[in-house]
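Each remark here refers to the structure printed beneath this line.
Rule-based calculations on the coordinates, nothing more; no lab input. Given the structure is predicted, the values throughout are model-derived calculations rather than measurements. Ideal geometry is used to build each Cβ from the backbone, glycine not excepted, and the neighbour counts take in all protein chains shown.
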Amino acid sequence: MRKPRPKTMKGEAFDWRETESAGRWSDEYPDNVILAADDPDRFLAELGKAQTYKREALCQALKFLEENELLDLKKMATAILEDEQDSPMESHRLSMAAYSLGSIADHLKGTYTYNSYFFDTHRCTSLMHKQIFEEIQEHPQLWALVIFDCHY
C-alpha cells in the first residue's frame, strides 16, 4: 500500500510520490533505475519517450489556447483580469487558459513539475537538448534514469 508523502517543492510538484519502485509502472519497469552504461539503446529510447510526452503536453496546451481563441496573450490577460467570467463554463475556460499558459512556460523554461517527464540533476532543468543525447552516447557511465510515480 502506497503511503502519502509530505508535499515537496512547496506543494507545486506532487502531493505524494513513490520512489522505491516505479509505482503504477512497476510491471513495465520492475527495476526503477536504468543505467545508460548497461543498455545505451534502451536508455536513449526511454529518454526519447519522455521527450515525446513533453512535446505532446506542450502541443496540447497550445492547441487548447488556439481552439479557444486565446493565443493573443493581451486578450487572454484582459479577459482574466477583468473577470469576464459570465458563467461557470467561461470561468473554467479562462482558468484552463491560464493553466495552459503556465504549462507552456514551465516546459519552455525547464521548470520541474509533476509532468516534466525528465529532470537533469546536473543542470537543474527539465529541458532536453540534443546535447544531452550526445553526452549520453559519449559518456553513458555518467547517466541513470530513475523512474518514480507521483501524484499532483
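Points to keep in mind about this one:
- Residue with peak Gaussian network fluctuation, the chain [Cα springs, cutoff 10 Å], from 65, 101, 73: 73
- Rg followed by Dmax, in Å, when the chain is reduced to its Cα trace: 18.4, 57
- Cβ-Cβ distance of residue 124 and residue 26, R₀ of 30 Å, FRET efficiency by 1/(1 + (r/R0)^6): the value works out to about 0.60.
- Filtered GluC sites (Glu not before Pro), the stretch 81-138: DSSP coil and at most 14 other beta carbons within 10 Å: 82, 84
- The 3J(HN,Hα) values that the Karplus relation (6.51, -1.76, 1.60; θ = phi - 60°) gives for the stretch 96-110 are, in residue order, 5, 5, 5, 4, 4, 4, x, 5, 4, 4, 4, 5, 6, 7, x Hz. Gly and Pro appear as x.
- Percent of alpha-carbon pairs separated by more than 16 Å within the stretch 83-152: 62
- Over 29 Å between alpha carbons, listed pairs 63/130; 54/74; 49/74; 63/109: 49/74
- Computed extension gain for residue 135 through residue 52, at 0.36 nm per residue and net of the alpha carbon distance, reaches 28.0 nm.
- Choice from 22, 79, 61 with maximal GNM fluctuation in the chain (Cα, 10 Å cutoff): 79
- Gaussian network model of the chain, Cα within-10 Å springs - most flexible of 40, 30, 140: 30
- Linear extension gain, residue 71 paired with residue 114, 0.36 nm per residue minus alpha-carbon span: 13.1 nm
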